[in-house]
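The values are calculated or read from the model by the stated rules, or taken from the named source; none is laboratory data. Here the structure is a predicted model, which is why all the values come from computation and not from measurement. Backbone-built Cβ (ideal geometry, glycine too); neighbour counts: all protein chains shown. For accessibility, only protein heavy atoms count, side chains too; no ligands or nucleic acids. Shrake-Rupley method; radii C 1.70, N 1.55, O 1.52, S 1.80 Å.
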Amino acid sequence: MRSSDCGRSEHDPGDSRRFSLAVLVPAALCFASGAFGQGKGGEYPSRPIRMIVPFAPGGAADFVARIIQPRIAEQLGQTVVVDNRAGAAGNIGTELAARASPDGYTIKFGSVGTASINPAVFPRFPVVPVRDLIGITQITDVPGALVVHPSLPVKSVNELIAHLKANPNKLNYGSPAASSANRLEMEMFLTATGTRMAHVPYKGGAGPAVTALIGNEVQAMFVTFSSVVNFTKQGRLRMLGVVSPVRSPLLPDVPTLPELGYPRLSNGTWQALFMAKGAPAPVVKKLYSATAKAMEHPEVIGRLADGGVRVVVSRSPVEFLQFWKVENERFVNVVREAGIETE
């Protein structure tokens, strides 16, 4: 019988073992190469990639995701499909991403809310983002703004502080939700200045809260800069400060909160890309490289700038992880200091 005849294995156990190793080892190596996309031909990605956006279409996250989507696809040479999975303050999309196969074909568009604030507010949620996800890179910083109703007799942050101290708990501030970044920004501000206002949360995102501020139902709020820049230019709202390390070219006369002495209010609603923990390092590296190059595209920079959004790309996934951990600690402290109820 020929040595290649598999029937021989029934009579020669030694040959059987040699035959199994000869077949299985190369097969395993081929599988690993194909699965992780490390072949010389750059096999990853070989099929479309799903980008989970844990918020509804039309919001700030969806706006940015759909601007960067085609440019990341262009860099990877593969289709990227946006999959909106809204609900539970973004936790539904976060869990889907964390439970996905760590093969690089599911990525998550996340933000400070889903990555750093939710873990502080929902400590019993089974997914811990920093434990169960890999942070690929930060991609943007969406500046926030401290705005007041124009009937309020203040034209600067210092005047607002003086007014609040003279009228403790007599003014209301609005927010898109009790656990939103905007609410926590206001709590940081109130703690830092030793002032108090009553909190009025609104459902449905920033829109209803901004409408309430324009109608003078509430007198102040922190909100995404892009949501109120036009109302400010129209005189329907007054902007006192920007949550950003740099002033916005859209309203260059408005100071930043850090330059006014509030360094904890330097990062806005930053956004980033994530994927399930366990992904091969070469896949993470390729996604980081593709994203970084996509964010350099003039169209991406221009369209985001028109909406008041700054492009901020981490120097590496490791650098982003360090930043992420600092942000986690920042919001754990804010929730504790403000006495915000956790769930």
Mind checking which of Ala220, Ser289, Ser316 is farthest towards the positive end of the stretch 213-343's charge dipole, using Cβ charges of +1 (Lys, Arg) and -1 (Asp, Glu) about the Cα centre? Ser289
How large are Rg and Dmax for the chain when only the alpha carbon atoms are used, in Å? 25.0, 101
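Looking at this model, which pairs from Lys108/Lys233; Lys233/Lys325; Lys170/Lys203 are more than 29 angstrom apart at the alpha-carbon?
Lys108/Lys233; Lys233/Lys325
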Column: log10 I(q)/I(0), Debye, Cα scatterers of the stretch 209-330, q = 0.11, 0.23 Å⁻¹: -0.50, -1.37
Regression test value, accessible area per residue of the chain, probe 1.4 Å, units Å², expected 46
Over all pairs of different Cα atoms in the stretch 260-326, the reciprocal of the mean inverse distance gives a Kirkwood radius in Å of 13.9
Paramagnetic reach from Arg236 in the stretch 173-213 [backbone N under 16 Å; point 7 Å along Cα→Cβ]: 206-213
Relative contact order computed over the chain (Cα-Cα under 8 Å; 6+ residues apart), in percent: 24
On the formula 1/(1 + (r/R0)^6), with r taken between the Cβ atoms of Ala198 and Phe125 and R0 of 41 Å, the FRET efficiency rounded to 0.05 is 0.90
Mind ranking Ile52, Ile301 by accessible surface for me, highest first, 1.4 Å probe? Ile301, Ile52
By how many nm would the segment from Arg66 to Ser316 grow when fully extended, if each residue of separation counts as 0.36 nm and the alpha-carbon distance is taken off? 87.7 nm
Cα-based Rg of the stretch 76-154 normalised by 2.2 N^0.38 Å, two decimals: 1.42
Quick one: pull the percent of accessible area on the chain belonging to carbon and sulfur, 1.4 Å probe, ligands and nucleic acids left out. 56
The stretch 36-115: GluC sites (Glu not before Pro) falling in loop per DSSP and having at most 16 other Cβ within 10 Å: Glu43
Sorted largest first, extent of the stretch 117-219 alpha carbons per principal axis (Å): 48, 27, 27
Between Ala86 and Arg99, what is 0.36 nm times their sequence separation minus the Cα-Cα distance? Round to one decimal in nm. 3.1 nm
